[in-house]
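Just so you know, all these numbers are worked out from the coordinates, no wet-lab data involved. Keep in mind the model is a prediction, meaning the values are calculated, not measured. In this analysis, Cβ positions are derived from the backbone assuming ideal geometry, glycine residues included, and neighbour counts consider all displayed protein chains.
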Amino acid sequence: MSRRRVPTESRPLLEVTVTDGSGRPVRAPGLAAWLRAAAPGAARGTLGIALVGDRTIRRLNREFAGVDRATDVLSFAAEDRAAGGEALLGDIAIATGVARRQARQAGHAYGTELRVLALHGLLHLLGYDHHGDGGRMARLEARLRRRGGLEHGLIERAGR
């Protein structure tokens, strides 16, 4: 008799919700499922992706990073765990206007740019920091973006 593995949980290891930043779900076809599939094995818990306007991301960047300009993606790591001990990874804010402009410049679809930015934001939530890590985050981002079918990652593109 063969033994089949029975999953102990019916929920995915990584739960992703996509909202408008005010908690309302938004249409971002396939983004959450793609990120779950492309994520490293260490990515466990819940995270939110907020698709926000450029003014909102500029305000967040000014408030939390001290930089008064719109940026493409910001990551906010959670400080606490959810009820029941479930891991909260945090939130990712993506500027829709910046993402659309970057998609045009890169020659790919807006949905592809959202994936590039979401993957980059997730790696920051997992503790990676490409500013001074000797290329560790860049190597992981390159491996995961290839696995997810992306031609270029954010770090690689910035280096060109």
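General remarks:
- Dividing the helix sum by the residues of the chain, where each DSSP H run of 4 or more adds -39500 (n - 2.57), gives a mean residue ellipticity at 222 nm of -12000 deg cm²/dmol.
- Shape category assigned to the chain from the gyration tensor of Cα positions, a/c cut at 1.5: prolate
- The stretch between ARG24 and HIS108 holds 27.6 nm of extra length on full extension. This uses 0.36 nm per residue minus the Cα-Cα distance.
- The packing ranking, built from the mean of other Cβ atoms within 10 Å per residue, places the peptides 62-73, 139-150 in the order 139-150, 62-73, highest first.
- Think of each Lys and Arg Cβ as +1 and each Asp and Glu Cβ as -1; about the Cα centre, that makes the dipole of the chain roughly 640 debye.
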